[in-house]
Amino acid sequence: MIHAGLTGSIAVGKSFVLNVFAQLGCHTVDADVIAREVVRRGTTGLEAVVDEFGETVLDADGNLDRAALGAIVFNDEAKRLRLNAILHPRIINHQQALQREWEQAAPEGVSVVEAALIIEGIIASKGNVESKDAICNRFDKLIVVHCRPDVQLQRLMARNNMDEREAVRRISAQMPQAEKMLYADYLIDSSDGFDDTQRQTKSVYDELKTLAMTTKRTT
């Protein structure tokens with residue numbers, strides 16, 4: 001099985017691309033889903049978050065109040081890093097368990113894990129990373145979705161009902177698209193709409209599937 005990471009900046013079309021991969025028969029998961037799983041009520045993840053940030057991060061039912069937690073860490077880099085230190089190992093362990101299950105079920109298949117911060121997370125854990133080979137050690141291949149800056153801005157404003165100033169601020173707070181693209185094994189440009197993006201995704205899938213089948217035959 002070939003395990004691919006799928007990433008890109010905000011409002012570039014990652015979720016659409018992930019859905020296309022799923023329709024093509026890939027095993028897929030959004031890392032946000034895993035992130036919710038590891039802090040469900042009763043998990044050690046939630047217990048660790050509460051120990052670190054206090055019971056104000058819980059709602060009335062004892063579940064994680066994401067808005068309350070976000071308010072604590074959003075503008076505090078040290079607290080955000082402490083939260084990441086709690087969550088990232090659990091997210092990665094959960095992801096790797098899924099990948100092992102998928103590989104047993106479909107050894108000639110393709111898995112795709114979508115996460116906005118694949119590159120940033122590995123940089124944070126390893127320090128400065130200078131090559132895509134080093135940053136991709138969690139995946140066989142890395143796919144970066146991108147689009148023209150003007151398209152990204154308009155999509156974010158429309159999707160989040162956000163004014164231009166706030167949208168620019170959100171985009172500027174992230175790693176630039178051009179920098180993420182340097183780490184890619186495959187690039188998918190979503191600038192020109194659904195049909196063109198779907199065509200590019202199918203082309204990447206075909207290459208990954210061929211690689212998966214070739215790898216299986218030679219192992």
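The values are calculated or read from the model by the stated rules, or taken from the named source; none is laboratory data. Small disclaimer: the values here were computed from a predicted structure and weren't measured. Virtual Cβ from ideal backbone geometry, glycine too; neighbours counted across all protein chains shown.
Give the residues of the stretch 133-192 that are more than 15 Å from Lys14 (Cβ to Cβ), of a type in the set (Gly, Ala, Ser) and touching a helix residue (DSSP H, G or I) at 6+ places or on another chain (Cβ under 9 Å), sorted by residue number.
Passing the criteria: Ala134, Ala167.
If you take just the helices (runs of 4 or more DSSP H) that sit entirely in the stretch 34-125, which of them hold at least 1 residues that are in contact with a Ser or Thr (Cβ under 8 Å, 6 or more places away or on another chain)? It would help to see each step written out before you state the result.
Numbers: elements: 44-53, 66-73, 77-105.
Those helices (runs of 4 or more DSSP H) span 66-73, 77-105.
Out of Thr215, Thr201, I need the residue that is surrounded by 13 or more Cβ atoms within 10 Å (Cβ to Cβ) and either at pLDDT below 95 or within 19 Å of Leu153 (Cβ to Cβ) (or both). Which one? Working first, answer last.
Working: Thr201 fails: either at pLDDT below 95 or within 19 Å of Leu153 (Cβ to Cβ) (or both).
Sole residue among the options that is surrounded by 13 or more Cβ atoms within 10 Å (Cβ to Cβ) and either at pLDDT below 95 or within 19 Å of Leu153 (Cβ to Cβ) (or both): Thr215.
Based on what the data block shows, is Val73 at pLDDT below 95, within 27 Å of Tyr183 (Cβ to Cβ), loosely packed, with under 15 Cβ neighbours inside 10 Å and hydrophobic (A, V, I, L, M, F, W, C)? Before the answer, list the steps.
Working: at pLDDT below 95: yes; within 27 Å of Tyr183 (Cβ to Cβ): yes; loosely packed, with under 15 Cβ neighbours inside 10 Å: no; hydrophobic (A, V, I, L, M, F, W, C): yes.
Considered against the rule, which asks whether it is at pLDDT below 95, within 27 Å of Tyr183 (Cβ to Cβ), loosely packed, with under 15 Cβ neighbours inside 10 Å and hydrophobic (A, V, I, L, M, F, W, C), Val73 comes out as no.
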